[in-house]
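Comments concern the structure below.
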Amino acid sequence: MPIKKWLVCIVCNLLWLSSAKGDNSPLMVTDAYMPAVPTVSRTAAVYLKLENSSSSKIILSGISTTIAKHAMLHQTVESNDVVKMKHLSRLEINSWESVEFSPGGMHIMLMGLQAKAIPKTFMLNLIFENQTSQAIKISVRAPTN
Ligand SMILES: [Cu+2]
């Protein structure tokens, strides 16, 4: 009976540790998706919402994924009726601030894609300036129209 109690205690601790680890991430990611692209496409965009739920500034400085050769931060800019994409080398997210990546605005550009081999979900690694990183799950969504 005492051994059983002791075992239960270990399980509780492990559960607590694993959930605490998940909650530890200062950057909350929601609505992360990639609109499906034609199989001939070598590029795709990823959209998501990032929320800095910590009391310090977070600086995103890179992105990597196994499904594309390159992944970078892009900002869509329109000047003289021409739409261009500007590469951002870093993105600062202030404490308690949220940033939305959406069509026509900021996005994560995937380049060197093998669209034929894209699974329904895949992982993307957010790399921060302080040398830490956070893996996030991206869902591939069928185009709505
Ligand atoms: Cu782009």
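The values are calculated or read from the model by the stated rules, or taken from the named source; none is laboratory data. Quantities reported herein were computed from a predicted structural model and do not represent experimental measurements. Methodologically, a virtual Cβ is constructed for each residue, glycine included, from the backbone with ideal geometry; neighbour enumeration extends over all protein chains shown. When the accessible area is computed, the model is the full protein with side chains, heavy atoms only, and any ligands, DNA or RNA have been set aside. Shrake-Rupley method; radii C 1.70, N 1.55, O 1.52, S 1.80 Å.
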List the pairs from 86/120; 57/137; 84/120 whose alpha-carbon separation is above 26 Å, in the order I gave them. 86/120; 84/120
I'd like the Karplus ³J(HN,Hα) series for segment 63-80: coefficients 6.51, -1.76, 1.60, θ = phi - 60°, whole numbers in Hz, and an x wherever there's a Gly or Pro. 9, 9, 7, 7, 8, 9, 5, 9, 9, 9, 7, 10, 10, 7, 10, 10, 9, 6
Segment 112-130 and segment 62-92: distance between their alpha carbon centers, rounded to Å: 14
Kindly provide the Kirkwood hydrodynamic radius of segment 25-141 in Å, to one decimal, from all pairs of distinct alpha carbon atoms. 14.6
Label-point gap, in nm, between residue 123 and residue 25 - each point 7 angstrom along Cα→Cβ: 1.1
In Å², and per residue, what accessible area does segment 25-141 have when probed at 1.4 Å with the other protein chains present? 57
Using a basic spin-label model with each label point 7 Å from the Cα along Cα→Cβ, how many nm lie between residue 86 and residue 133? 2.8
I'd like the accessible area for residue 28, computed on protein heavy atoms only with a 1.4 Å probe and all protein chains in place. Round to 10 Å², please. 90
In segment 25-141, what percent of the accessible surface is made up of carbon and sulfur (1.4 Å probe, ligands and nucleic acids excluded)? 51
